[in-house]
Every structure is written in C-alpha cells, then in structure tokens.
Amino acid sequence: MEEFLQSIAPTTISLIITGIVSLAIGIYLEKFKNRLTFIKYRIFFQPLATSNENEYWGNIEVYYNGSKSNHLNFATIELINDSNKDFQDVIIDVWVDKDTFIKGQNGFYSDTGKSILMENNHYIGLTETIKQNSEDISKRQKNPNHITPVKLQNDIVYYQSNVKFHLPVFNRKSDIKFNILVENEKANQPIFGIDIKHKGLKVIKQDDKYDEERKLGIGTITFGTLFFVLITIIIYFKFPNSLIPTIILGIAGVLHLVVGTFIYKLIQFIRNYLK
C-alpha cells in the first residue's frame, strides 16, 4: 500500500496541478475575453377566443373593440437577469410574425410592480401613426377615391407587429414581464421574436425543467465516465497485477456518478459566476 501511494502520488499531484492551471486559464479567458451576458426569456401563451363556423357548434364570432377577430391570444414574456451585473438604459425589441397583429401591451418589474414604458421614439412614432391613420380614415369616408399614402401603410404594418420598451435599470437577480394581446389572422399561436439593444447583452431562450434535467443527466454520465476511465488507465499502467488498485478502481466505479455530478455542478457554478 505504501509503495502504491508513493508511486501514484507524483502522477496524481501532476494531474491536479495541471487541472488547476487549466481551470485558472479557462476562468481568465472567459472572464476577460468573453464579455457577453445572457438574459434568459420564456413565453407563456393563453388563447382567449377563436372565431369558428361549425355544423355542430354553429357560428362563433369574436370581436375586439367592435371589430371582428379570427383569434385572440394573450402572451406573457418573462426576461430574467440571473447574472451578477446591473444594466442601465436597456432597449427591448419585441416583434411578431406577419400573420399576427399587436392589439395592446404593458410591462412591469416583477419584484416591485413598477411599470415599464415604451421606448420614447417608438411611442412618438406610434402616436403619430395613430393620428395620421385617423385622419386618413376620415378622408376615405369623405372621398371614396382617396388613396392611403404608402408610407402610412408601411408605418401601420410596422407598429402593428413591433413594440419597443425602455428599461431604466435591469438589476441582477431580477426579472421583468411583458403582457401582449395579439390577434392572428389564421387562428394559429403567434410567433414572437425578442432582442436586446445593449452592449454585451444577448437574449437566449430559457430551457424548461425537462431539458435541464436531461442536460444534468448527460453531464453527470459524461464527466463521471471520463473520471472513471482516467483512474482505470492510471492504475492499469502503474499496477496491472495489483489487487489494491483493483479495489480502488471498484470504489471509483461506484463513485463516478457522484464525482461527475460534482464536476458538472462546479462548471455550471463557474459559468453563472462569469455571466
């Protein structure tokens, strides 16, 4: 046993030192060369009503503010800043697919309930487009031959499918929510796009619980297996015919999942720390 420890100790110490140095270099590269911070988001849909004509149910019609609608859907977008950084003056862009139209929206900070307003230029453009559209409707009512200007048509399409919000601050370990009422012409679930206009920030979709558990299982098995193989190779080359290394190998085999879980959690902790 003493001979075994004396023989394997230099190799083990060398591997530990190499691992520590590699980890330190990795932390340095991640922290100082990759400055991106990821903001996670997820979307919850709540269908409200759908127009339908069926022989069994009859004719179902849906109206919004007096106008007929094919499909109304209430969507809640949640953005989570689980990094260790605070941000100021963040612009959130939200848009929908070509068959979907935004009917209403609001935003707020989840922890305080404080409202989140539209980005100022977007709000000014929206109100001006609404004003011009009202004037254009009056002109069409008075003159059936009146043609709506192309620019106004394009502006209406844009503001029906896009909205921008301004966050004065987006603190660490906090989240915000946007409620958006939309109509889809084809009675389908709307498709949303989200982007953040801020240096060093990027939005990514948050994985659901099932995906997280699947990744944990894969990571655990992968790192555990690598650890098991490494120990096996070391013992095989040092003591191919020794009983004690075989026992140690058996213990390592039993514990490889535990070690793999520890390594996976350590890597996740380091990644979250560097965000």
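Miscellaneous remarks
- Answer residue from the stretch 87-117, given it is open to solvent by 80 Å² or more (accessible area, probe 1.4 Å) and part of a loop (DSSP other than H, G, I, E, B) and is nearest to residue 150 (Cα to Cα) among those: 98
- Long-range neighbours under 8 Å by Cβ, at least six apart or interchain, first residue closer than 24 Å to residue 164 by Cβ within the stretch 123-141, second of a type in the set (Val, Ile, Thr): 129/156; 133/156; 136/148
- Test set (1) part of a strand (DSSP E or B); (2) in contact (Cβ under 8 Å) with a residue 60 or more places away in the chain; (3) not polar (S, T, N, Q) - residue 172 fails condition number: (1)
- Some residue of the stretch 149-156 being open to solvent by less than 30 Å² (accessible area, probe 1.4 Å) and either basic (Lys, Arg) or in a helix (DSSP H, G or I) (or both): yes
- For the stretch 68-86, the set of residues classified as modelled with pLDDT under 90 and either open to solvent by less than 70 Å² (accessible area, probe 1.4 Å) or on the phi > 0 side of the Ramachandran plot (or both) consists of 69, 70, 71, 82, 83, 84, 85, listed by residue number.
- Residue count for the stretch 118-145, restricted to those that are in a loop (DSSP other than H, G, I, E, B) and surrounded by 13 or more Cβ atoms within 10 Å (Cβ to Cβ): 1
- Selection status of residue 63, outside any strand (DSSP E or B) and open to solvent by 90 Å² or more (accessible area, probe 1.4 Å): no
- Filtered residues of the stretch 130-188 (kept if of a type in the set (Asp, Glu) and more than 22 Å from residue 39 (Cβ to Cβ)): 135, 136, 155, 183, 185
- Only one entry in 27, 16 is open to solvent by 90 Å² or more (accessible area, probe 1.4 Å), closer than 23 Å to residue 267 by Cα and at pLDDT below 75, namely 16.
- Just one residue in the set 174, 161 is under 15 Å from the mean Cα position of the chain (by Cα), among the small types (Gly, Ala, Ser) and either modelled with pLDDT of 90 or more or open to solvent by less than 90 Å² (accessible area, probe 1.4 Å) (or both); that residue is 174.
- The combined condition, being in a strand (DSSP E or B) and either open to solvent by 90 Å² or more (accessible area, probe 1.4 Å) or within 15 Å of residue 195 (Cα to Cα) (or both), is not fulfilled by residue 56.
The values are calculated or read from the model by the stated rules, or taken from the named source; none is laboratory data. Computed from a prediction, not measured in an experiment: that's the story for all the values here. Backbone-built Cβ (ideal geometry, glycine too); neighbour counts: all protein chains shown. In case anyone asks, the SASA skips ligands and DNA or RNA and just uses the protein heavy atoms, side chains included. Shrake-Rupley method; radii C 1.70, N 1.55, O 1.52, S 1.80 Å.
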